[in-house]
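The values are calculated or read from the model by the stated rules, or taken from the named source; none is laboratory data. Please read all numbers here as calculations on a predicted model, not as lab measurements. Don't worry about glycine lacking a Cβ; one is built from the backbone with ideal geometry, like all the others, and counts go over all protein chains shown.
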Amino acid sequence: MKRYRIFLMIAVLMSLLCRPGFAASPAQPPVRDDQPIQVKADELSTDNARKTATFTGNVTARQGDITIYSDRLIVHYGSKEREVTKVEALGKVRIVQGNRIGQSGRALYDNRSGTILLEDNPRVYQGEDMVAGKTITFYVNEQKSVVTGGSEGRVQAVIHPKGTGNNVGTGP
């Protein structure tokens, strides 16, 4: 049962990233919940007292057409059955779906607020289009996103008009 709970938590994160609003792009078909979730890491540790499951070392989590890469993936779960409170991806975070790529040093999915926060040099690419800032926040339930610049710099965006090469999947 504990193993099922861990995979269910990861499925929640991955399904949310497939919703419209990721990279402010048109809607993609959602990942079906019955698709297998494949997680590979060098190590998995669970802490029932802290209600966490931590995958470390070359983490790859995949379901359907979306893949999350990171150095560490921490799933925080609540006291209710199948309740995920938050999921953190840390270190060299890369989220890939087709020609859409999100990169940052940290990604945090907060179930209570319904947000996915990318921080630590976040960038989101779709083909040749790119947006970057201090933080990128996706409001999952509202299908909107906010990019902030902060004191280190301003928001940056490169947008190619339709039909000028934005179908090439060329992230970094």
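Only one of 71, 110 is under 22 Å from residue 43 (Cα atoms) and acidic (Asp, Glu). Can you tell me which?
On inspection, the qualifying residue turns out to be 71.
Taking residue 115 as the residue in question, decide whether it is hydroxyl-bearing (Ser, Thr, Tyr), buried (at least 18 other Cβ atoms within 10 Å of the Cβ) and either touching a Phe, Trp or Tyr at 6+ places or on another chain (Cβ under 7 Å) or over 24 Å from residue 67 (Cβ atoms) (or both).
Judged against the criteria, residue 115 is a match.
When you scan segment 33-54, do you find a residue that is hydroxyl-bearing (Ser, Thr, Tyr), closer than 17 Å to residue 136 by Cβ and either part of a strand (DSSP E or B) or modelled with pLDDT of 90 or more (or both), even just one?
At the first step, the residues of segment 33-54 found to be hydroxyl-bearing (Ser, Thr, Tyr) are 45-46, 52, 54.
Keeping just the survivors that are closer than 17 Å to residue 136 by Cβ gives none.
Within segment 33-54, not a single residue is hydroxyl-bearing (Ser, Thr, Tyr), closer than 17 Å to residue 136 by Cβ and either part of a strand (DSSP E or B) or modelled with pLDDT of 90 or more (or both).
Output the number of residues of segment 139-153 satisfying the condition of being surrounded by fewer than 18 Cβ atoms within 10 Å (Cβ to Cβ) and not in a strand (DSSP E or B).
Of the residues in that region, 8 qualify.
Which numbered condition in (1) free of Cβ contacts under 8 Å to residues at least 24 places away in the same chain; (2) under 30 Å from residue 43 (Cβ atoms); (3) crowded, with 20+ Cβ neighbours inside 10 Å is the only one that residue 93 fails?
Only one criterion in (1) free of Cβ contacts under 8 Å to residues at least 24 places away in the same chain; (2) under 30 Å from residue 43 (Cβ atoms); (3) crowded, with 20+ Cβ neighbours inside 10 Å is unmet by residue 93, namely (1).
Please count how many residues of segment 108-138 are within 19 Å of residue 83 (Cα to Cα), in a strand (DSSP E or B) and not acidic (Asp, Glu).
Residues in segment 108-138 being within 19 Å of residue 83 (Cα to Cα), in a strand (DSSP E or B) and not acidic (Asp, Glu): 4 in total.
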